[in-house]
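The structure appears right after this line, and notes come after that.
The values are calculated or read from the model by the stated rules, or taken from the named source; none is laboratory data. Fair warning: this is a prediction, and the values are worked out from it, not measured in the lab. Heads up, the Cβs are rebuilt from the backbone with ideal geometry, glycines too, and the neighbour counts pull from every protein chain shown.
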Amino acid sequence: MKMKKVTGTYVLMTVGICLLPIVPGFAVCGRLPATMATHWNFQGAVDDTMPQTIAIVCPPVGLALVQGLMAACMMRQTKKRTTPLPGLFLVSLWLLPVISVVMNGMVVLYNLGVNIPVVTITLLLAGLMFILIGFEMPRTNYEDGRALMRPVPRSEQSYERLTRRLGMVWMIVGVVMVALALIM
C-alpha cells in the first residue's frame, strides 16, 4: 500500500478550499442584503442573521483556521509514521472543506433569493459524513487507536470489537439522517 502523508501542500490546499466561498460571496455582495440569514431551525425558518461582510468572511475563515490547525497536527503526526495514514484521518481532513463550500454556498444562494431546502441539504451532508466515518472507523488499526483512545483498549480484539460497534452506530445514525432528509 502506498504511504499517504499529509504535506504542507495538502494543508494549504484544504485550507484554500475552506476559504473558497469568500470569492463568490464578494462577487455577488452588491445583490446580497445588508443583514444575511445564516442559521435555520429544523423547520427551515431563519432564526439567526449576521451583517453581510461578517456572514461572507467569518464562517470560511473560522473553518479554515480549524482546518489548518487540524491538518498541521496530522502533518506532524505523519512525519513519524512508517505505516499508511488511516482512512479515517484522511476523511476527517476533507470534512471541513466540504462543509465550508456547501454550507457557505448555501447561505449566499439563499440570501440571493434562491429557494434552497436548507434542512434537507444539511441532513444529507451530515448523514453522508456519519456514514463515511462509520465505514472508516473499523478500518483504523489497533496501534493508531491506542494512540488516540483513553482509556486504552486492553487488547487488539477488544479494540476491533469496539470500533466495529461504534462504526455501525455511526452508520445507522447517518442512514437515519439521510432517510429524514429524503422524507422531509
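Overview of results
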{"read-out": "Any hit, region 69-86, residues being closer than 19 Å to Leu125 by Cα and either in the same structural domain as Glu136 (by TED's automatic domain parsing) or at pLDDT below 95 (or both)", "value": "no"}
{"read-out": "The listed residue being among the small types (Gly, Ala, Ser) and within 13 Å of Leu19 (Cα to Cα), out of Ala45, Ala64", "value": "Ala64"}
{"read-out": "One residue from Met75, Met129, Met103, Met70 being more than 13 Å from the chain's Cα centre (by Cα) and either within 25 Å of Gly16 (Cα to Cα) or hydrophobic (A, V, I, L, M, F, W, C) (or both)", "value": "Met75"}
{"read-out": "Matching residues, region 128-178, being assigned to a helix (DSSP H, G or I) and of a type in the set (Ser, Thr, Tyr)", "value": "Tyr142, Ser158, Tyr159, Thr163"}
{"read-out": "Filter result for Val118 (of a type outside the set (Gly, Ala, Ser), at pLDDT 90 or above and under 30 Å from Val57 (Cβ atoms))", "value": "yes"}
{"read-out": "Residue in region 52-61 that is at pLDDT below 90, over 30 Å from Ile183 (Cβ atoms), of a type outside the set (S, T, N, Q) and under 15 Å from the mean Cα position of the chain (by Cα) present", "value": "no"}
{"read-out": "Count of residues meeting criterion [loosely packed, with under 15 Cβ neighbours inside 10 Å and in contact (Cβ under 8 Å) with a residue 40 or more places away in the chain] in region 105-127", "value": "2"}
{"read-out": "Number of the condition not met by Leu180 [criteria: (1) more than 20 Å from the chain's Cα centre (by Cα); (2) farther than 25 Å from Met13 by Cβ]", "value": "(1)"}
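Let's see how each residue does on (1) at pLDDT below 95; (2) aliphatic (A, V, I, L, M):
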{"position": "Phe135", "(1), (2)": "yes, no"}
{"position": "Thr140", "(1), (2)": "yes, no"}
{"position": "Arg150", "(1), (2)": "yes, no"}
{"position": "Ser155", "(1), (2)": "yes, no"}
{"position": "Leu162", "(1), (2)": "yes, yes"}
{"position": "Trp170", "(1), (2)": "no, no"}
{"position": "Gly174", "(1), (2)": "no, no"}
